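**Student:** Here's a structure for you.
The values are calculated or read from the model by the stated rules, or taken from the named source; none is laboratory data. Fair warning: this is a prediction, and the values are worked out from it, not measured in the lab. Positions of Cβ are backbone-derived with ideal geometry, glycine not excepted, and every protein chain shown enters the neighbour counts. Accessible surface areas use protein heavy atoms only, side chains included; no ligands, DNA or RNA. Shrake-Rupley method; radii C 1.70, N 1.55, O 1.52, S 1.80 Å.
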Amino acid sequence: MLGVKDLCIAYLEGYIQCKVTEYLLHDKILSSELDKIKEMAVKCMEQYISQQKISEADKEEMKQNHKLWAEMVLLGVKQRLYECGKIE
């Protein structure tokens, strides 16, 4: 499982990446749209992980770690968009 340090880094990655690119958004974005994007990315990664030649236990751990990582990144993105007033 991911540790606290890994989760903090994921959150900051999302926040910083959003800070760098927020000027590209000319309108507000719905929080639900970001949730859908995250879910699509998680599903794609789960499919990729499923195709790897590793044990089923390792696959499940990787899937859980990726899902948690994606959630933390999304929280960072949403926090930055909230601060700059570009999220609904």
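**Student:** Among the lysines, select those whose C-alpha is under 20 Å from the C-alpha of residue 86, and discard any that sit fewer than 8 residues away in the same chain.
**Tutor:** Within the straight-line cut-off, residue 86 pairs with 19, 28, 36, 38, 78.
**Student:** I've got another one for you. Going 7 Å from the Cα of residue 26 along its beta-carbon direction, which residues of segment 64-88 have the amide nitrogen within less than 19 Å of the resulting point?
**Tutor:** Residues passing the 19 Å test: 85-88.
**Student:** Hey, any idea what % of the chain's accessible area is carbon plus sulfur with a 1.4 Å probe?
**Tutor:** Carbon and sulfur together cover 60 percent of it.
**Student:** Would you calculate a helix-derived [θ] at 222 nm for the chain, using -39,500 (n - 2.57) for each DSSP H run of n ≥ 4 and dividing by the full residue count, to the nearest 500?
**Tutor:** Result for the chain, helices only: -26000 deg cm²/dmol.
**Student:** Now for a different question. For 18, 8, 84, give the ranking by accessible area with the largest first, probe 1.4 Å.
**Tutor:** From most accessible down to least: 8, 84, 18.
**Student:** Here's another thing I want to ask about it. What accessible area per residue, rounded to a whole number of Å², is obtained for the chain using a probe radius of 1.4 Å?
**Tutor:** The answer is 71 Å² per residue.
**Student:** Ignoring everything but the protein chains, give the 1.4 Å probe accessible area of residue 72 in square angstrom, nearest 10.
**Tutor:** 40
**Student:** Report, by chain and number, residues whose modeled amide H sits under 5 Å from the one on residue 86, excluding near sequence neighbours (fewer than 5 apart, same chain).
**Tutor:** Here nothing satisfies the definition.
**Student:** Return the loop-located trypsin sites (Lys or Arg not before Pro) in segment 49-80 (DSSP other than H, G, I, E, B) with at most 10 other Cβ atoms within 10 Å of their own Cβ; answer none if there are none.
**Tutor:** Answer in residue order: 53.
**Student:** Using a 1.4 angstrom probe on the protein heavy atoms only, could you order 42, 20, 73, 4 from most to least accessible area?
**Tutor:** Solvent-accessible surface, decreasing: 4, 20, 73, 42.
**Student:** Count charges around residue 77 for me, please; just the other residues with Cβ under 10 Å from its Cβ, Lys/Arg as +1, Asp/Glu as -1.
**Tutor:** +2
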